[in-house]
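Following: one structure in structure tokens, then a few remarks.
The values are calculated or read from the model by the stated rules, or taken from the named source; none is laboratory data. Everything numeric in this text was worked out from a predicted model, so none of it was measured. Every residue, glycine as well, gets a Cβ built from its backbone with ideal geometry; the counts of neighbours run over all protein chains shown. Accessible surface is based on the protein model in full, side chains and every heavy atom, while ligands, DNA and RNA are left aside. Shrake-Rupley method; radii C 1.70, N 1.55, O 1.52, S 1.80 Å.
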Amino acid sequence: MSYCLNPTCPHPENLAHSQRCESCGSQLLLRDRYRVVEPLGQGGFGATFLANDQSLPGEPCCVIKQLRPSGTAPHILQMARELFEREAKTLGKIGNHPQIPRLLDYFEEQEQFYLVQEYISGATLQQEVKQNGVYSEVGVKQFLSEIMPLLQYIHELKVIHRDIKPANLIRRAQDARMVLIDFGAVKNQVSQGAAGQSGHTALTAYAIGTPGFAPPEQMAMRPVYASDIYAVGVTCIYLLTGKTPKDLEYNPTTGEMMWEQMVHVSQHLTNVLRKMLEVSVRSRYQSAADVLRALDIEPYLESLSKGLLVKSDNTVKEQPINRREDSAVLYHHPTHISSPNTSASVAQVAAAIRARRAKAAEAAALQAEATQQGSAIGKSTTLSNSNGSQTQHSKVERKLDTQGLLTAYMKGRRDFAQHNLNLLNLPGTDLSGTNFHSAQLQKTNFQGANLHNSDFGKASLTKANLRDANLSKAYFNHADLEGADLRGADLSYAYLSNANLRGANLCGANLTGAKVGDEQLALAKTNWMTVRPNGKRGLL
Ligand SMILES: [Zn+2]
């Protein structure tokens, strides 16, 4: 179909390759390049359409927004134009981010205003919940780890989105990333300041967001950055319950949304959501970084920022290990380079969280060591070696600390079988091709480490941190990975037969060609980003 953009056209549907509209005679090819194929929606100010850009090879899809104010009075028209221009300016400023649609074109044609945007293919969170049901606590935390760094990015550029809701969040089919759309209600703090104190013009009255998702201060025309945090909080309640604000009850005295009886999540997440949903702005989290810190989750974007920083710095030749996901994003969106500022601040939050965790792990390790040494005094264990003869080994002898292990590896030692390496802190290290057979690696931190081709047969890796680790071709026969964090790990061609994956987190992990059974995977956590053994993405 070819759709006519004349707002007063009586029959806008035309044959696919027509040049002019059958009923009104308008040119169907906008600017000699965009062919509108179907209407997508109509809001207060504009209508959106799906179109093809026929000037480019492959005729890629794009979204065209046409300014179509509901009224024709001159002041309404003027307002609409200002708002439209503001959306274009905002998109031009912040659209250089992989989680925001790019602004491709902005022009006036035949007295109509147009805005052309990148088309994001995928389901909205609203569609996702309707199709697949509500989210778990882990799912909501992952959502927050994806959306909060994005919020931090736009807020740093002094933009308040003002209309965050499930229908404006799309999980892009191409790479499963969360994309925030519809910046039509956006509030630009800078231009607002320039407009003067009178602030509450009719202009703002038109763009107040969606009732229920927008917090009280925004409905009262005083949106602040924390208003977006409130809207994300309401979105989380939707993800957990499938209920929109109009399905929920409110405390008539305080105006608080009554949601706590309807969700079944940990006290920790409840507390965070409660603070995101505070009616009073003063009691709410003030920034996206505050929310991430409170949740103690590392921003999902951080890995991407790292990849970008490495790319933009020519002096760093070394590619980050195992950044397939990010490289894929980069190749699809070569122009999407987030500003170093944002990358740095997001990285700072992540670093602070990691530092705190490392400190806690260190304290726990010291305590464990003290207990163990106390109990090991005067004791020794008997182990049989391959010859079947009995050898005496003291427990203390087979225990290594982080530095001891790394020094030994540097000197060429590759055999740490049967060692007690519990709680060691080894993020980002290169320990590829190592023998950890039957080793104790409980809660050991291997985040981002290179463990390619290493042997973890019969090893105990319960609650180990293997996030983003390179575990390609690693051997896990009879290993215990219960509760291990394998998010984003590269497990391609890993041997996982007989491994215990109960409660292991495989969100975003790559299992291409891995030797693993469905019944094993059924016990683990997976998500849309997980690459299954057959090389396809999706829930397992
Ligand atoms: Zn027409």
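Under 11 Å from a point placed 7 Å out from the Cα of Asn453 along the Cα-to-Cβ direction: which residues of the stretch 406-435 have their backbone N that close? From the stretch 406-435, the list is 432-434.
Across Met410, Met529, the residue with the most accessible area heads the list, and the full order at a 1.4 Å probe is Met410, Met529. Surface listing: His264, His452 arranged by accessible area from highest to lowest gives His264, His452, probe 1.4 Å. Sorting the segments 82-91, 223-232 by their residues' average number of neighbouring beta-carbon atoms within 10 angstrom, most packed first, yields 223-232, 82-91.
Among the protein heavy atoms, those of Arg162 account for about 10 Å² of accessible surface (1.4 Å probe, every chain in place).
For Thr124, the solvent-accessible surface with a 1.4 Å probe is about 20 Å², rounded to the nearest 10. Averaged per residue, the stretch 399-540 has 40 square angstrom of accessible surface, using a 1.4 angstrom probe with ligands and nucleic acids left out. When you count the other C-beta atoms within 10 angstrom of each residue and take the mean per peptide, 440-449, 4-13 line up highest first as 440-449, 4-13. First compute the accessible area of the stretch 1-110 with a 1.4 Å probe, then give the percent of it belonging to carbon and sulfur atoms. Carbon and sulfur: 50 percent of the exposed surface of the stretch 1-110. About the centre of its Cα atoms, the stretch 399-540 shows a dipole size close to 100 debye [charges on the beta carbon of Lys, Arg (+1) and Asp, Glu (-1) only; nearest 20 debye].
Taking only the Cα atoms of the stretch 1-102, the radius of gyration and Dmax are 14.8, 42 Å. Label Ala73 and Cys61 with points 7 Å out from Cα along Cα→Cβ: what is the distance between them in nm? With each label placed 7 Å out from Cα toward Cβ, I get 3.9 nm. When +1 charges are put on Lys and Arg Cβ atoms and -1 charges on Asp and Glu Cβ atoms, the dipole computed for the stretch 2-118 relative to its Cα centre reaches about 240 debye. Of the trypsin sites (Lys or Arg not before Pro) in the stretch 458-540, the ones in a loop by DSSP (not H, G, I, E or B) with at most 12 other beta carbons within 10 Å are Lys536. At a Förster radius of 35 Å, what calculated FRET efficiency corresponds to the Cβ-Cβ distance of Ala352 and Asp430, to the nearest 0.05? Efficiency at R0 = 35 Å is approximately 0.90. Over all other residues within a Cβ to Cβ distance under 12 Å of Leu28, the charged ones net out to +1, with Lys and Arg as +1 and Asp and Glu as -1.
Annotation: for a label point projected 7 angstrom from Cα along Cα→Cβ of Glu108, residues of the stretch 34-68 with backbone N closer than 16 Å are 66-68. Between Ala173 and Glu249, full extension at 0.36 nm per residue minus the direct alpha carbon distance yields a gain of 23.9 nm.
A compact globular protein would have a Cα radius of gyration near 2.2 N^0.38 Å; the ratio found for the stretch 446-540 is 0.89.
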